[in-house]
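Q: Take a look at the following structure, please.
The values are calculated or read from the model by the stated rules, or taken from the named source; none is laboratory data. Keep in mind that what you see is a predicted model, and the values were worked out from it rather than measured. Cβ placement follows ideal geometry from the backbone for every residue including glycine, while neighbour counts extend to all protein chains displayed. To get the accessible areas, we keep the full protein, side chains included, count just its heavy atoms, and leave off ligands, DNA and RNA. Shrake-Rupley method; radii C 1.70, N 1.55, O 1.52, S 1.80 Å.
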Amino acid sequence: MDSIIQLKNINKIYGRRVKTQVLNNINLSIDKGSLNAIIGESGSGKTSLLNIIGMLDKPTSGQVEMEGKRIDKMSRRSLASIRNREIGFVFQFHYLLPEFNALENVLMPHSIRNLFSGRKTREKAKELLELVGLPAVKHNKVYDLSGGEQQRVAIARALMNNPKIILADEPTGNLDSHCSEVIYNIFRDINKNFGTTFIIITHDERIAKKTDRIIEIKDGVI
Ligand SMILES: Nc1ncnc2c1ncn2[C@@H]1O[C@H](COP(=O)(O)OP(=O)(O)OP(=O)(O)O)[C@@H](O)[C@H]1O
Ligand SMILES: [Mg+2]
């Protein structure tokens, strides 16, 4: 199986004066098209690891490769561009823009790179809202949506630029078990239909059990 992400000897140390090592010589290879769960206790280093995979943060040492290309050495500018094109993010606190409606939020990754969104782009955003089961609320302002609906808007937004990878940090962390199931099923459908690779941090054992692979992290070690 081809790997899409490869981490080699990754260390992450926070702080200058007081140093805390949170990732300890991590070696990890993620198969293209796989759906992965990252589990581990609070403070074990899950978010730190995901931020490095998603190029939101750089490791203190070690190599990060995406499809065989070194990304830990790239400039901020090229990283930002790769991130926008290749990676979709879903966070626990979805970071939608509350003053915009659902459709405008889904369009945001496109709007960052383009001044205007043509009809085709808007059609695509509408289709994505349909895919996550939210066609009716597209003109609702985000603050009028429920938590589960907001999370689904965030998923649609993550899909807008057809990313190869979706990284999710406790996407169902503040949802009830029914909503979590719905979100998991959306992830699995996208994974099957588009071959998108998923890495999902979760505390939910029932969700972790359904993924292709569980990666457990403990004190910064896998
Ligand atoms: N920017 C930072 N500066 C200093 N320490 C940090 C920073 N970010 C995280 N840490 C510390 O690194 C450790 C790992 O944090 P991380 O957020 O990766 O854990 P986590 O596994 O995601 O936990 P949780 O399940 O609570 O989200 C923690 O002890 C945290 O306090
Ligand atoms: Mg975390």
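Q: Test Asp31 against the criterion of being surrounded by 15 or more Cβ atoms within 10 Å (Cβ to Cβ) and either at pLDDT below 95 or within 16 Å of ligand 2 (Cβ to nearest atom) (or both), and give yes or no.
A: no
Q: If we keep just the residues of region 147-183 that are small (Gly, Ala, Ser) and at pLDDT below 90, which is surrounded by the most Cβ atoms within 10 Å (Cβ to Cβ)? Walk me through how you get there before you give the answer.
A: From region 147-183, those small (Gly, Ala, Ser) are 147-148, 154, 156, 158, 168, 173, 177, 180; that's our starting set.
After this cut, where a residue has to be at pLDDT below 90 as well, the list is 147-148, 173, 177, 180.
Details: Gly147: 13, Gly148: 18, Gly173: 16, Ser177: 11, Ser180: 20.
Taking the candidates together, the pick is Ser180.
Q: Could you check region 82-136 and list, in sequence order, the residues that are within 30 Å of Ile52 (Cα to Cα), out of contact with any strand residue (DSSP E or B) (no Cβ under 9 Å at 6 or more places or on another chain) and open to solvent by 40 Å² or more (accessible area, probe 1.4 Å)?
A: Arg85, Phe93, Leu97, Glu104, Met108, Ser111, Ile112, Arg113, Asn114, Leu115, Lys124, Leu131, listed by residue number.
Q: Looking at region 143-162, is at least one residue more than 16 Å from the chain's Cα centre (by Cα) and either closer than 29 Å to Asn25 by Cβ or not in a helix (DSSP H, G or I) (or both)?
A: Yes, region 143-162 contains a residue that is more than 16 Å from the chain's Cα centre (by Cα) and either closer than 29 Å to Asn25 by Cβ or not in a helix (DSSP H, G or I) (or both).
Q: Can you find even one residue in region 52-59 that is outside any loop (DSSP other than H, G, I, E, B), within 16 Å of ligand 2 (Cβ to nearest atom) and hydrophobic (A, V, I, L, M, F, W, C)? Give the derivation first.
A: Of region 52-59, the ones outside any loop (DSSP other than H, G, I, E, B) are 52-53.
Retained after the next criterion (residues that are within 16 Å of ligand 2 (Cβ to nearest atom)): 52-53.
Right, trim to hydrophobic (A, V, I, L, M, F, W, C) and you get 52-53.
Yes, region 52-59 contains a residue that is outside any loop (DSSP other than H, G, I, E, B), within 16 Å of ligand 2 (Cβ to nearest atom) and hydrophobic (A, V, I, L, M, F, W, C).
Q: Further, regarding this structure: Within region 49-66, can you find the residues that are open to solvent by less than 40 Å² (accessible area, probe 1.4 Å), farther than 24 Å from Asp189 by Cα and touching a residue at least 40 places away in the same chain (Cβ under 8 Å)?
A: Answer for region 49-66, where residues must be open to solvent by less than 40 Å² (accessible area, probe 1.4 Å), farther than 24 Å from Asp189 by Cα and touching a residue at least 40 places away in the same chain (Cβ under 8 Å): Leu49, Ile52, Pro59, Gly62, Val64, Glu65.
Q: Sort out which residues of region 27-57 are within 12 Å of ligand 1 (Cβ to nearest atom) and more than 17 Å from Phe89 (Cα to Cα), and write them in order of number.
A: The answer is Ile39, Gly40, Glu41, Ser42, Gly43, Ser44, Gly45.
Q: Tell me, yes or no, whether region 175-188 has at least one residue that is outside any helix (DSSP H, G or I) and on the phi > 0 side of the Ramachandran plot.
A: No; the residues of region 175-188 include none that is outside any helix (DSSP H, G or I) and on the phi > 0 side of the Ramachandran plot.
Q: Also, quick follow-up: Spot the failing condition for Glu170; the list is (1) more than 16 Å from ligand 2 (Cβ to nearest atom); (2) among the acidic types (Asp, Glu); (3) within 27 Å of Asn36 (Cβ to Cβ), and only one is missed.
A: (1)
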